[in-house]
Amino acid sequence: MRFLAVLLFLFSGIAAAQSWPARPVKIIVPFAPGGSADTLGRLVAQKLSEQLKGSFVVENRAGAGGSIGSVLASTAAPDGYTLVVSGIASHVILPLLPQGTPYDPVRDFTHIALFGGPPAVLAVHPSVQAKDLREFVLLAKSKPGALSYGSPGSGTQGQLVAELFKQRASIDVVHVPYKGASAAVSDLMAGHVPAVCVTLTTAAPQIRAGRARGLAISASSRLPEFPDVPTFAEMGYPDLVATVWFSLSGPANLPADIVERLNAEVNRALELPEVRERLKPEGIVPQLLTAREFSAFVADEVRRWGPVVRASGAKND
C-alpha cells in the first residue's frame with residue numbers, strides 16, 4: 001500500500017506539472033511600481049503570458065528592502081503559482097546586513113532564471129577636476145577624506161561597488177547615503193556632492209546631457225549606448241564587474257519540470273529582439289543561464305559580497 005501511495009503521489013505531481021499553468025500565476029515584485037524590478041517583472045510576465053497561453057499577474061508587495069514580498073514567496077506552496085522577482089538587493093545584500101532576513105536566500109528558494117540588470121556607474125559633477133578614473137584616484141589621494149560620493153543608501157549595490165573600488169584603489173572617499181538613487185543624482189546636479197555611485201539607469205539621462213561625467217561602469221564590457229564610458233575592469237580593476245541583477249525565483253522544492261519550463265521560456269523571452277531593444281537604453285544586457293547555473297550563481301554572489309558588506313559597515317535602514 002505504501003508503495004502504491006508513493007506512486008500515486010509521484011504521478012499526481014507529474015500530471016500537475018504537465019497541466020501547469022491551469023490558473024493564473026502570481027509574480028510578486030517586492031518593490032514599488034516604476035523601478036527596474038517592476039519593469040523587468042512586468043515585461044517577463046507579459047511574455048510568459050503570451051508564450052505559455054496563460055495568465056501571469058504582477059503583484060507589488062514592497063517594504064523592508066524587498067523582504068516582505070520575498071517572505072511571502074518563500075512561504076507559498078511550491079506549486080508554481082507563486083513566484084517572485086528576486087535580485088541582488090533582496091537575495092544577497094539584505095540577508096548579509098546585521099539584522100538579516102527571515103529567509104535564507106539559497107535554502108528557502110528555488111532559483112529559476114536570471115534576467116540581468118544594469119551596471120553601476122561612478123559619475124562626477126562636471127566641475128570635478130578629474131576627466132577620467134585615473135585622475136579621480138589621483139585627486140582622492142591628494143586630498144584624503146576631502147571627497148565624498150553619494151549612493152542610493154547604506155548596503156545598496158552602489159555603495160558596495162564604490163567601497164570595493166576604494167579598497168582596490170587605496171583611496172579615502174566619504175560615503176553619503178541617500179534615500180534612493182534619484183535623490184543622490186539630484187544632489188550631484190545641485191553640486192552638493194561631487195560624485196555618485198548609482199545604477200546606470202538612474203544616471204543615464206544626466207550623462208547623456210553632459211550634466212554628469214561617467215568615469216566608469218561595472219559592466220564586463222563597454223555598452224553601445226555609452227561608448228565613451230570605460231569599464232572599471234579596463235581601467236585596472238578586473239574584479240569590479242557587477243550588475244544590479246534581477247531574476248525569477250519561487251519557493252523551495254518547486255517541481256523540476258516547472259522550473260525547467262519556466263527557465264526555457266524566460267530565456268526565450270529575453271532573446272527576443274523587441275525585449276533587448278526595450279532594455280538597451282537602461283544598460284540592461286540579459287544574461288541567460290540554466291536553472292542549475294543560476295542557483296550556483298546566487299550562492300557565489302552571497303560568498304562574494306559577504307566580506308565587502310562587512311568591511312563597508314553597511315547597516316539596515
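Here are the numbers for this structure:
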| item | result |
| --- | --- |
| Amide H partners (placed H, <5 Å) of Ser148, local residues excluded | Val174, Ala195 |
| Length added when fully stretched, Ser220-Lys141, from 0.36 nm per residue minus Cα-Cα | 25.8 nm |
| Prolate/oblate/rounded call for the range 134-253, Cα gyration tensor, a/c under 1.5 rounded | rounded |
| MRE, 222 nm, helices only [DSSP H, n ≥ 4, -39500 (n - 2.57), over the chain, to nearest 500] | -13000 deg cm²/dmol |
| For the range 259-302: rounded, prolate or oblate by the Cα gyration tensor [a/c cutoff 1.5] | oblate |
| Residue among Asn60, Gln46, Ala291 farthest towards the positive dipole end of the chain, charges placed on Cβ | Asn60 |
| Under the Karplus curve 6.51 cos²θ - 1.76 cosθ + 1.60, θ = phi - 60°, whole-Hz ³J(HN,Hα) for the range 174-182, x wherever Gly or Pro sits | 7, 7, 10, x, 10, 8, x, 5, 4 |
| Residues of the chain: accessible area per residue with a 1.4 Å probe, Å² | 44 Å² |
| Accessible-area composition of the chain, carbon plus sulfur, in percent [1.4 Å probe] | 57 percent |
| Nonlocal amide H pairs with Ser86, under 5 Å, H built at 1.01 Å | Ser247, Leu248, Ser249 |
| Read-out semi-axes √(5λ) of the Cα gyration tensor in Å, derived from the coordinates shown; its label in [x] 33, 21, 18; [y] 34, 25, 18; [z] 39, 20, 16 | [z] |
| Highest average packing first - 123-132, 192-201, Cβ atoms within 10 Å | 192-201, 123-132 |
| Amide H contacts of Gln287 (H built 1.01 Å from N, under 5 Å, at least 5 apart or other chain) | Gly116 |
| Distance from the range 57-89 to the range 122-154 (C-alpha centre basis), Å | 37 Å |
| Prolate/oblate/rounded label for the range 218-278 (Cα gyration tensor, a/c 1.5) | oblate |
| Per-residue HN-Hα couplings for the range 74-88 [Karplus 6.51, -1.76, 1.60; θ = phi - 60°; Hz; x = Gly/Pro] | 5, 9, 6, 5, x, 10, x, 9, 9, 10, 9, 7, 8, x, 5 |
| Protection-proxy order for peptides 258-265, 58-65, each taking the mean of Cβ atoms within 10 Å per residue, highest first | 258-265, 58-65 |
| All lysines inside 30 Å of Lys26 as judged from Cα atoms, apart from same-chain residues fewer than 8 positions distant | Lys47, Lys53, Lys179, Lys280 |
| Candidate lysines for bridging to Lys166, where Cα separation is under 21 Å - those fewer than 8 sequence places away on the same chain excluded | Lys131, Lys141, Lys143, Lys315 |
| With Cα atoms, 0 to 90° folded angle of helix 36-52 axis to the chain main axis | 30 degrees |
| Packing-based ranking, highest mean first, of 210-216, 140-146, 308-314 given that Cβ atoms within 10 Å are counted | 210-216, 308-314, 140-146 |
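The values are calculated or read from the model by the stated rules, or taken from the named source; none is laboratory data. Bear in mind that the values here come from a model prediction, so they are computed numbers and not experimental data. Because the Cβ atoms are built from the backbone with ideal geometry, glycine has one as well, and the counts that use them run over all protein chains shown. SASA here: full protein model, heavy atoms, side chains in, ligands and nucleic acids out. Shrake-Rupley method; radii C 1.70, N 1.55, O 1.52, S 1.80 Å.
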